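**Student:** What follows is a structure written as structure tokens; I'll ask about it next.
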Amino acid sequence: MFKPNRRIDHSPTRVSVIGAGNVGSTLAQRIAEKNLADVVLLDRVPGKPEGMALDLMQARAIEHHDRLIVGTSDYKDTANSDVVVVTAGVPRKQGMSREDLLRVNAEVVASVVPMAVEHSPDAIFIVVTNPLDVMTYLAWKVSGLPKSKVMGMAGVLDASRFQAFIAMELGISIADITAMVMGGHGDLMVPLPRYSTVSGVPITELMTPDAITRLVDRTRHGGAEIVKLMQTGSAYFAPASAAAEMVEAILLNRRRIIPVAAYLDGEYGLHDLFMGVPVQLGQEGIDMVVELNLSKAELNALHTSAKSVRENIDRLAAMNLA
């Protein structure tokens, strides 16, 4: 006879999402409904993560998965996570640059990351909080973790935006499009048309230079465009999907070549910063940084972007948070 109180056995795989705002809660939904892992959704506001978790649990019968989603304000509940995703912080508002968020979100990241590491010292950390490249650098500093175990989400999102604009421009399926975007997650990011293709054909052979320039510019301002349209919020569906793709690559050891904010120690002539570059991503985190053969103009653009990231790191150093 079936025992009604018997729990269904689950894989021990666990992902903790720190921050139950729009990105964090949507990410929790993505992870559970992809059947990737059980999810712990943590937020400092009592009742908020518990309510969201209960809502997501009540959707399981409709979405056909048995993953557990737990809401909490206690870091003890995040113990033994395989992956921790940090989305906590103040969202970007209209007229605000990612750099405007630096001080307030640096204080948040410097606070939450050590507490998460204390309970999950073997976890891989993904940072989503803006300004992303410098927040990832800060998370690495305060975590004490190897550089391979800390990364930022930006590149997957930026490439996805570039892909979307290419598909809309050409009127073709996005399934056939691959895009590459490097650099900092901001207005100086570096979309690479030569490495962006439709079924293997570079978009430089399918579009005019003017069209490509227009799409590159729209990609660089993709987040700001959404903020302006929404007026009271910022993007969260695509950022959550981007983070979920990284989580999937790690948990399933897919060893995918995708752009993420990774620590650079000489690659592309850059040192001691996190910035968007293609990496091989698997169950151990970042296995390697992939160095593309960039043109002089592309490399110069990458270094210009890096200079902006470095300036934020210098501002961070003056705050004495790490």
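Values quoted throughout were computed directly from the atomic coordinates according to the rules given, and no laboratory measurement underlies them. This structure is a prediction, so every number in the text was calculated from the model and none was measured. FYI the Cβ positions are ideal-geometry reconstructions off the backbone, even for glycines, and counts take in every protein chain you see.
**Student:** Looking at the structure I just gave you, is VAL84 closer than 18 Å to VAL247 by Cα, part of a helix (DSSP H, G or I) and among the β-branched types (Val, Ile, Thr)?
**Tutor:** no
**Student:** Would you pick out the residues in segment 175-191 that are assigned to a helix (DSSP H, G or I) and farther than 20 Å from MET246 by Cβ?
**Tutor:** If the condition is that a residue be assigned to a helix (DSSP H, G or I) and farther than 20 Å from MET246 by Cβ, then ASP176 is the only one that fits.
**Student:** Still on this model: Given the condition free of Cβ contacts under 8 Å to residues at least 24 places away in the same chain and over 24 Å from ILE286 (Cα atoms), answer yes or no: does some residue in segment 183-196 qualify?
**Tutor:** Looking through segment 183-196, at least one residue is free of Cβ contacts under 8 Å to residues at least 24 places away in the same chain and over 24 Å from ILE286 (Cα atoms).
**Student:** Let me ask something else about it. For segment 248-263, give me each residue that is within 24 Å of VAL134 (Cβ to Cβ) and out of contact with any Lys or Arg (no Cβ under 9 Å at 6 or more places or on another chain).
**Tutor:** Listed by number, the residues that qualify are ILE250, ILE258, PRO259, VAL260, ALA261.
**Student:** Follow-up question, since we're still on this one. Go through segment 205-252 and give me each residue that's exposed (fewer than 14 other Cβ atoms within 10 Å of the Cβ) and either closer than 22 Å to ALA88 by Cβ or of a type in the set (S, T, N, Q) (or both).
**Tutor:** Across segment 205-252, the qualifying residues are THR208, THR213, MET230, GLN231, THR232, PHE237.
**Student:** Here's another thing I want to ask about it. Take segment 269-290 and flag every residue that is under 20 Å from PRO146 (Cα atoms) and not in a strand (DSSP E or B).
**Tutor:** LEU270, GLN283, GLU284, VAL290
**Student:** Mind listing just one residue for me: the one in segment 56-73 that is in a loop (DSSP other than H, G, I, E, B) and touching a strand residue (DSSP E or B) at 6+ places or on another chain (Cβ under 8 Å) and, of those, surrounded by the fewest Cβ atoms within 10 Å (Cβ to Cβ)?
**Tutor:** SER73
**Student:** Residue check, ILE172 against (1) surrounded by fewer than 17 Cβ atoms within 10 Å (Cβ to Cβ); (2) hydrophobic (A, V, I, L, M, F, W, C); (3) in a helix (DSSP H, G or I), all met but one. Which one?
**Tutor:** (3)
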